[in-house]
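For reference, the structure is listed below as structure tokens.
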Amino acid sequence: MPRPRLILDCDPGHDDAIAILMAAKHGELLAITAVSGNAPLRLTAHNALITTQILGLDTPVYAGAERPLVAPPRHAEFIHGKSGLGGPILPPLTRQLAGHDAVRFIIEAGRRYDDLWVVATGPLTNIALALRQAPDLAARLRGIAIMGGSTSFGNVTSHAEFNIWADPEAAAIVFASGATLLLCGLNLTHQFMISPDTVAQLRALGGVAATFTAELLDFYCAKYAEKFFGKVEGPLHDPCAVMLVTHPELFTCHDRPVAVELTGQLTRGMTVVDERGVKAMEPNNTSVAYGLDAPAALELLLETVQLYA
Ligand code: BDR
Ligand code: CA
């Protein structure tokens, strides 16, 4: 089966870096577009470049939006560290950005190809700007696979997940765009938990990609322990959105109406997923992932890291 053509729009970020590793081997990865999110844009763009450099990839990296559409810029250093990629000692950067016009790149690629997926693993600012400037993109794209939101609990607030909470106005534009949307929320990504045993398995594979991944996950799981769980483990969110496009057979999905709460005092940035079925008032606009074959996803991650050896 041909590999799906895709752009990965991301804010590396530990799990974004692992999403890059997966996307480059299982997709026809045209480019990586960086957005402000886990860290300021300058750092997420750097982190996308350094990840490709470490993995030996020549994928072009474009920088995009420096700040959310309306909300103030807010980052996630409590999980990813100040640099956005805490943990591994990174080499000096030798790669350069292909450009600072991520939004234009997304629009032009969407118009050039009939089968382009955008996988979004950061705040949806770049995608919303692209859809706003080029509304024809909604119908032109094969689809947008989003890591964000949840059908249940949040992580930044009780009901809001970071990527949607960081730029809710952008997310609202994307969910209202009419594009084909796939959603991997926290309800799904918390099924893909990484434990110290998994990190040991990864490390044992040997090689640069395995060591990089293991060092990233050591830091990430320790931060999750500190902030959320009390025990050392972490949900590997962003690679799920890549696999949803490249390996859909690993997922169980249901079509749902999904909208973004913009004004709720306690719920701003929440994805409101209507699960009433035939009684739903709005049309289904999103294929929402509910189930993951986590052992198969882990097997795929291990196999993919080995491909870099
Ligand atoms: C999402 O927020 C970021 O911290 C992660 O990279 C992931 O995309 C999880 O809420
Ligand atoms: Ca991310």
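The values are calculated or read from the model by the stated rules, or taken from the named source; none is laboratory data. Here the structure is a predicted model, which is why all the values come from computation and not from measurement. Positions of Cβ are generated from backbone atoms using ideal geometry, with glycine treated the same way; all protein chains shown enter the neighbour counts. Surface accessibility is based on the protein's heavy atoms, side chains included, excluding ligands, DNA and RNA. Shrake-Rupley method; radii C 1.70, N 1.55, O 1.52, S 1.80 Å.
Of the residues ALA130, ALA71, the single one that is of a type in the set (Gly, Ala, Ser), part of a loop (DSSP other than H, G, I, E, B) and either more than 16 Å from LEU29 (Cβ to Cβ) or at pLDDT 95 or above (or both) is ALA71.
When you scan region 182-192, do you find a residue that is aliphatic (A, V, I, L, M), touching a Leu at 6+ places or on another chain (Cβ under 9 Å) and open to solvent by 40 Å² or more (accessible area, probe 1.4 Å), even just one? So far as region 182-192 goes, no, none of its residues is aliphatic (A, V, I, L, M), touching a Leu at 6+ places or on another chain (Cβ under 9 Å) and open to solvent by 40 Å² or more (accessible area, probe 1.4 Å). Inside region 93-110, residues that are surrounded by 14 or more Cβ atoms within 10 Å (Cβ to Cβ) and not in a helix (DSSP H, G or I) make up a count of 6.
Based on this model, can you work out whether ALA222 counts as closer than 24 Å to ILE50 by Cβ, surrounded by 14 or more Cβ atoms within 10 Å (Cβ to Cβ) and either at pLDDT below 95 or within 16 Å of ligand 1 (Cβ to nearest atom) (or both)? Yes. Here ARG203 meets each of (1) within 16 Å of ligand 1 (Cβ to nearest atom); (2) more than 24 Å from ILE32 (Cα to Cα); (3) touching a Ser or Thr at 6+ places or on another chain (Cβ under 8 Å); (4) of a type outside the set (Val, Ile, Thr) with one exception, condition (1). Looking across region 71-92 at every residue that is under 16 Å from LEU41 (Cα atoms) and open to solvent by 50 Å² or more (accessible area, probe 1.4 Å), the one that is nearest to the chain's Cα centre (by Cα) is identified as HIS75. Every test in (1) surrounded by fewer than 17 Cβ atoms within 10 Å (Cβ to Cβ); (2) touching a Phe, Trp or Tyr at 6+ places or on another chain (Cβ under 7 Å) is passed by ALA289 save one, and that test is (1). The set of residues in region 193-219 being open to solvent by 10 Å² or more (accessible area, probe 1.4 Å) and closer than 20 Å to GLU161 by Cβ consists of MET193 alone.
Residues being under 29 Å from LEU90 (Cα atoms), touching a strand residue (DSSP E or B) at 6+ places or on another chain (Cβ under 8 Å) and within 16 Å of ligand 2 (Cβ to nearest atom) are entirely absent from region 167-175. Tell me yes or no: at least one residue of region 255-264 is touching a residue at least 40 places away in the same chain (Cβ under 8 Å), buried (at least 18 other Cβ atoms within 10 Å of the Cβ), of a type in the set (D, E, K, R) and within 25 Å of TYR308 (Cβ to Cβ). Scanning region 255-264, I find no residue that is touching a residue at least 40 places away in the same chain (Cβ under 8 Å), buried (at least 18 other Cβ atoms within 10 Å of the Cβ), of a type in the set (D, E, K, R) and within 25 Å of TYR308 (Cβ to Cβ), so the answer is no.
Would region 128-140 turn up any residue that is within 9 Å of ligand 1 (Cβ to nearest atom), open to solvent by 40 Å² or more (accessible area, probe 1.4 Å) and either among the hydrophobic types (A, V, I, L, M, F, W, C) or more than 15 Å from the chain's Cα centre (by Cα) (or both)? The answer is no; no qualifying residue exists.
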